[in-house]
1. Provide a single number: the residues in segment B:107-134 that are at the interface with chain A (Cβ under 7 Å from one of its Cβ atoms) and either touching a Ser or Thr at 6+ places or on another chain (Cβ under 6 Å) or not basic (K, R) (or both).
2. Within segment B:67-87, is even one residue of a type in the set (S, T, Y), assigned to a loop (DSSP other than H, G, I, E, B) and away from every other protein chain (no Cβ under 14 Å)?
Amino acid sequence: MNSPRALNPDDLLDTIVAVYDYGDYPQDFLASYDIMECLGEGVGCDTFLVQDAEESQFIAKCYDKSVWELEGSDDILESLDHPNLPKHIARFDNDTMTVVVRTFMEGTPLDRYANAKDLDEQEIVSICAKLCDVIGYLHHRAHPIIHRDIKPANVIVRPDGSVALIDFDIARVYRAGSETDTRFFGTVAYAPPEQYGFAQTDERADIYSLGVLLRFLLTGSPRQNKNVRVYRPLEKVISKCTAFDPAKRYSDIDQVKRALLAANPQSQGLRIAGIVVAALVVFGLLGFAGVQIYRAVTWSPFNSDAIPAVLNDEERIADAVSYMKDKYNTDLFDNPDDLATVGLLRHVLIDLYGLDRDYVYSFQEEGLPGESDDYFMAWGWDDDQTVRKETAVYAAVKVHDPKLVAEDQWSKLPDDNGEYPGARVAMLFADETGITTGVNRPYDITKGELALVFANADRVFEAAE
Amino acid sequence: MHVAKTTGITTRELWARLFKAPSIGSYLDEHSGSTFPPFSDYIERLCEERGEKRESVINRAGIERTFGHRLFNGTRNPSRDTVLQLAFGFGLDCDETQQLLKIAQMSALHPKVKRDAVIAYCLNNGSSLMDAQQTLYDNGLPLLGGAKRE
């Protein structure tokens, strides 16, 4: 063998050219495509950006056959046809290598996209919901396909705002009943526990990874950090996606999408708009309905008028106290760390919201609590008692729309757990619309938290109007 | 890893000859995790350090004038080929070019890509952009800047 250092520059060039021309790639692949960039090197698998004679760009995955056992053509992966998934173009084989060429999804990987732009909750929800649609296409095929490596680097935000999922290296068709996965696939922080080989992985593996991805987008890290508070309704979605036991996760990606959209208060606006539209269509008032749809669709809960999402709880309370102070010109919420009392709650209802004093103070003396036109509160309270979160939420919702807690709403509840049903309906509504954001104590809430409940409710109802 | 049947030299060994850094892997390891200045700031600074005028760098890089100034002003982002053209415009060597690609958030010159190897060879030889294009052309490789090969 020649001593490398003896090569003169021209020989070096010849050597370079020779090395590459005698490579392991299938010759028909090299005849059709120029290799332009190496985008990734894995064990026995390299990913290249290639271009054809027309300078159209594609992705080529080159598998070393001594490392990978690839079956013949994979009809199930090759038949994928979705605008946000890479499409199979061609496959080349020789003795040592298999090359799979797919369309190149141009755009920015989500990790880089998220670093460059300060994404707010609404954009994050929108990206994840779009991702759910793509994952749904894979999961809901006759032979479900599990991606198994969902992570920000494999999600591409395209110039038109759509979201593509790439890298089907390890995606496999789920074979029900087959033995446990013998090999580790995936990226450690994003992989669910069962992917380490405890059990056969199914669709819920992708749901786990999506939960981790959501946490990454909201907090900047895929790992849980108790010091970083996440907008509560979204935190719930993350927890359920990433439950250790797959049985405790969402069982279907569509459920994740619904939960995401419900966690985003904008959805409540859309629902109210839907009801308004349905009613108005009946009366043929389509012009007015159009305005309502426009308002609901363009309503952003994270704009200045809506519930501020990117605050910690302390900032939320300070914000709410000053919001209430400015709006109602009141000093009722001064000393926000003090405990709120039922007397204060009644003051708020009478002084700020203009309810009649007798209506607020009277209550049903006998029998079970219930709704009545004669009294606002369904329970009897003394003025010096402390306030439960539920009571505050019930009052804040009811003061805007008594129909939401009316008896005909209770029939929705599957059971009665002993709590007063009007309060439970109000809590469900409040959790869904974000009114309870930042109120963490179930009992003995502070004046600041009371201000927060009322300020959040004001914003939600005003935005929905 | 590809081994030339004629010479017994691997791509890695070749690559080691083209770069001061022992391998692309160590280059990337050294630089991962650090944050970089915007591309436009970086090329502006390169001009100052090397006592170059924008205009002459743009000329030697074979980049259209208006587009070139927009790159320096940060109103346009370069493609990977444009970054490589600028490397020839500045007369950078391989290691400096890898740094420039990294700052532009583009994939590095890679030992497994024949076109990259030829470009790296030309950079190390101090070739002009025209000479590099000729070498690419002679070897049936796509030219820099997207001109179709024959």
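1. Here the count works out to 7.
2. The answer is yes; a qualifying residue exists.
Values in this text are rule-based calculations from the coordinates and carry no lab data. Given the structure is predicted, the values throughout are model-derived calculations rather than measurements. Virtual Cβ from ideal backbone geometry, glycine too; neighbours counted across all protein chains shown.
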